[in-house]
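Please read the structure below before turning to the comments.
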Amino acid sequence: MVMTSKPGDAPRAAGDGSSPAKARSVELPSALSVKQLGDLLGVSGVDIIKQLMRQSIMANINQVIDYESAAAAAAAFGYEAHPQPQARKGTSLIKEIKKQQLEQDKEAGGLKPRPPVVTVMGHVDHGKTKLLDAIRRTNVVDTEAGGITQHIGAYQVEVNGQRITFLDTPGHEAFTAMRARGAQVTDIAVLVVAADDGVMPQTLEAIDHARAAGVPIVVAINKIDKPEANVERVKQQLAEVGLVPEEWGGDTICVPVSAKENKGIPDLLENILLVAEMEELKAEPNKPATGVVIEAKLDKTRGPVATVLVHNGTLRIGDTMVVGTVWGRLKAMFNDVGKQVRRAGPATPIEILGLNSVPQAGETLTVAANERQARALIEKRQSEQEAAAVRAVSLANLSELLSEGRVKELDIILKTDVQGSIEPIKSSLEQLSTDEIKVRVIRSGSGSVTESDVMLAIASKAIIIGFSTDAEPGARHLAEVEGISIRRYDVIYSVVDDVSKALKGMLAPTKVEVVDGRAEVRAIFPAAKNTKVAGVYVTEGKVTRGVSVRVLRQKEVAAESTVSSLRRFKEDVREVIAGYECGVGVTDFNDFQVGDILEFFHIQETG
């Protein structure tokens, strides 16, 4: 990196009242860390971070930023930035940063390069499995039902003497489910986008999940063999969502491929290895193994069977294993082509036998010295789970979690009624970041809050904010079960004010509406004293006598009252659950119509 003025004499940032100074020249690479940019400009890292915040970029001192962001920051400090000649993605800088991190981990010694672990993600029917099939040269597609991947597998391929491990998941749902259980199994995400279809809703979701996991993304633009394929249009769509292709001056590798005709596959694999080289992935094979369960099942003849990806160390026949609160002695293991092996090193997918029960996907495997140590480890984990369950983050407990040092970031999923509301709310929220906590909107979009939003919130420990929009019934139920906070607002100021107060520990408990269930009116019956009762079918949740009820007619509120009576056949009952019919009386309301929806709810204090 070269600059024409010496560091230490940079003018102050624009907007601080200082007189303008003549812009000086600085050469910047395609990527560099915040600290390195500060050193180049002779400015403290804190000042760089503050300037990036003004640019709506939240970064810590060691985070790598792209050329455009660095150039804009440099301009604010009176520098005119120029691209460094022959710089490719700041490879040397990224390697330097990674090396510094690795040096801190080399105390035990023995670190050696390991294969990258790659997850293939993307929209349905864009060719994820076909691509894996082309890579593995096996016919997985023909064994599937209805073109949907039935099984989460892991496979290893060899390219020019180097190995790559692929996770064959049914999409970002499995990827996120494993993250939700604390398993960070992926090093690189390959995003498959069909050249004839472009960026689709599930493509955007996959990008959100990969970004939230903090893994680099390589784009495979598939189906280039089709006459209607338009690679440049796909690149334009990717650039619009922040994945700017390298050839357009960005840092996203985009590889045109045809899984059907086996075109571009070698180029894709070489680029995956390039990214892996930049990440400098290493492990210590001479230690007892640790790993993560990709999938598990109960086999009728072999008993509990688990597919494990070894993270570190080497797994050997006879090892005593602890997986979550399950344990056993390793009796046999098979590689991805079904061959029995006696050992498995880092980043190797393996199927194991010998556990005493079926573990959950995402659980961590640890090798214990003996059975006694294994049992002690299980007892410790069980007591820890009972004594200190991890609390979900909410605005109500945010200040407490901050003071305990358990939260450094407030991740937010933002859903709005219209697209135009997103940017002002997002920028206002992210500007609330402080030195103690970074506020980050990890997903934003228009429409209802979906189950996919809640799954991302579970995995990322995020809160969900709905602006003039509601959550879908399935999303509400999942959020309640998992303890995820969904807050609804209709005024932008209220959103920003509540988050600001939560960061300062000043937010008072809020009363919110919780929907208990819904029912559809299918008949109307006369009752005593000129009243009528609705014969309903409970479609979701439950209905309880005395609870609040809202009568919805063509999505408009016709009445709001309480449940005065609840009967099954001729008997008064206290509660009726989904899947059953019952008679419902509503206080001071008789004007039922067939097709009305009764929504049952209660009010509670929440964060």
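None of the figures in this text is laboratory data; all of them are computed from the coordinates on show. Please read these numbers as outputs of a predicted model, since none were measured by experiment. A quick note on method: Cβ atoms are made from the backbone with ideal geometry, for glycine too, and the neighbour counts reach across all protein chains shown.
Normalised by the number of residues in region 290-373, the mean separation of alpha-carbon contacts (under 8 Å, six or more apart) gives a relative contact order of 40 percent. Ordered by the number of other Cβ atoms lying within 10 Å of each residue's own Cβ, fewest first, 130, 297 fall into the sequence 297, 130.
At full extension, residue 554 and residue 527 could sit 7.2 nm farther apart than now, given 0.36 nm per residue minus the alpha carbon distance. In this structure, the amide hydrogen of residue 438, modeled 1.01 Å from its nitrogen in the peptide plane, lies closer than 5 angstrom to those of 409, 410, counting only residues at least 5 positions away or on a different chain. Pairs of Cα atoms nearer than 8 Å and 6+ residues apart set the relative contact order; for region 514-606 it is 40 percent.
Of the peptides 185-198, 335-348, 308-321, the order by per-residue mean of other Cβ atoms within 10 Å, starting with the highest, comes out as 185-198, 308-321, 335-348. Cβ crowding within 10 Å ranks 77, 334 as 334, 77, fewest other Cβ atoms first.
Ranking 543, 586, 524 by how far each Cα lies toward the positive end of the dipole of region 514-606 (charges on Cβ) leaves 524 at the top. Going from the residue with the fewest nearby Cβ atoms within 10 Å to the one with the most, 408, 426 rank 408, 426.
Per residue, the convex hull spanned by the alpha carbons of region 398-508 comes to 93 Å³.
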